[in-house]
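Student: Encoded as structure tokens, here's the structure I'll be asking about.
The values are calculated or read from the model by the stated rules, or taken from the named source; none is laboratory data. On a predicted model such as this, the values are computed, not experimentally measured, just so you know. Reconstructed Cβ throughout: ideal geometry from the backbone, glycine too, with neighbour counts over all protein chains shown.
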Amino acid sequence: MNPVVRILRNAVTSLHAAIYRLTGGRIGARMAGLDVLLLTTTGSRTGQPRTTPLGYLRDGDAYVIVASNGGADRHPAWYFNLVKRPHAHIRVGDRAIDVRADTLQGSDRERVWSRVVEAGPGYANYQRRAKREIPLVRLVPA
């Protein structure tokens, strides 16, 4: 990725997360047709906390996030972080929740993917563009 684009994307992500935190999720609470949470993972290489605003769907007591990376051919960094260290932290509005992550497979993924595309039709375009299956990650409160 172009270094200037990376810097701008990181700045926008940090600003979104800061505003979300400051307002208890009242500002920045929707993105791409989905409600937004803040996911904090532990960097797989750095060991440092990394926070990313992400759209989510509820699935029972769990939260499902989409590792679309804007339709890029590579999974987003936060996905690799969760694969290495599945324990994470989310903020939903003004609530802080410890979670454990697992990637949905098979019929579970198909069932939730149809809901994702219904809520945010742009995700279907991301899947067509990506040369990978876009993972859906279930975050279960710990």
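Student: Condition first: under 25 Å from Ala29 (Cβ atoms) and crowded, with 18+ Cβ neighbours inside 10 Å. Now tell me which residues in region 93-111 satisfy that.
Tutor: Val99, Ala101, Leu104
Student: Kindly evaluate Ser44 against the criterion of being farther than 23 Å from Asn125 by Cβ, in contact with a helix residue (DSSP H, G or I) (Cβ under 6 Å, 6 or more places away or on another chain), crowded, with 16+ Cβ neighbours inside 10 Å and touching a residue at least 40 places away in the same chain (Cβ under 8 Å).
Tutor: yes
Student: Take region 94-115 and flag every residue that is under 26 Å from Arg21 (Cα atoms) and modelled with pLDDT of 95 or more.
Tutor: Arg95, Ala96, Ile97, Asp98, Val99, Arg100, Ala101, Asp102
Student: Give the residues of region 83-107 that are touching a residue at least 12 places away in the same chain (Cβ under 8 Å) and over 20 Å from Val36 (Cβ atoms), sorted by residue number.
Tutor: Answer for region 83-107, where residues must be touching a residue at least 12 places away in the same chain (Cβ under 8 Å) and over 20 Å from Val36 (Cβ atoms): Val83, Lys84, Arg85, Pro86, His87, Arg100, Asp102, Thr103.
Student: Moving to a separate point now. Return a yes/no flag: does region 90-107 have any residue that is in contact with a strand residue (DSSP E or B) (Cβ under 6 Å, 6 or more places away or on another chain), among the basic types (Lys, Arg), over 24 Å from Val12 (Cα atoms) and outside any strand (DSSP E or B).
Tutor: no
Student: Within region 12-41, work out how many residues are in a helix (DSSP H, G or I) and either of a type in the set (D, E, K, R) or within 13 Å of Thr52 (Cβ to Cβ) (or both).
Tutor: Result for region 12-41: 9.
Student: Looking only at region 120-133, filter to residues that are touching an Asp or Glu at 6+ places or on another chain (Cβ under 9 Å) and not in a loop (DSSP other than H, G, I, E, B); which one of those is modelled with the lowest pLDDT?
Tutor: Top of the filtered list is Arg129.
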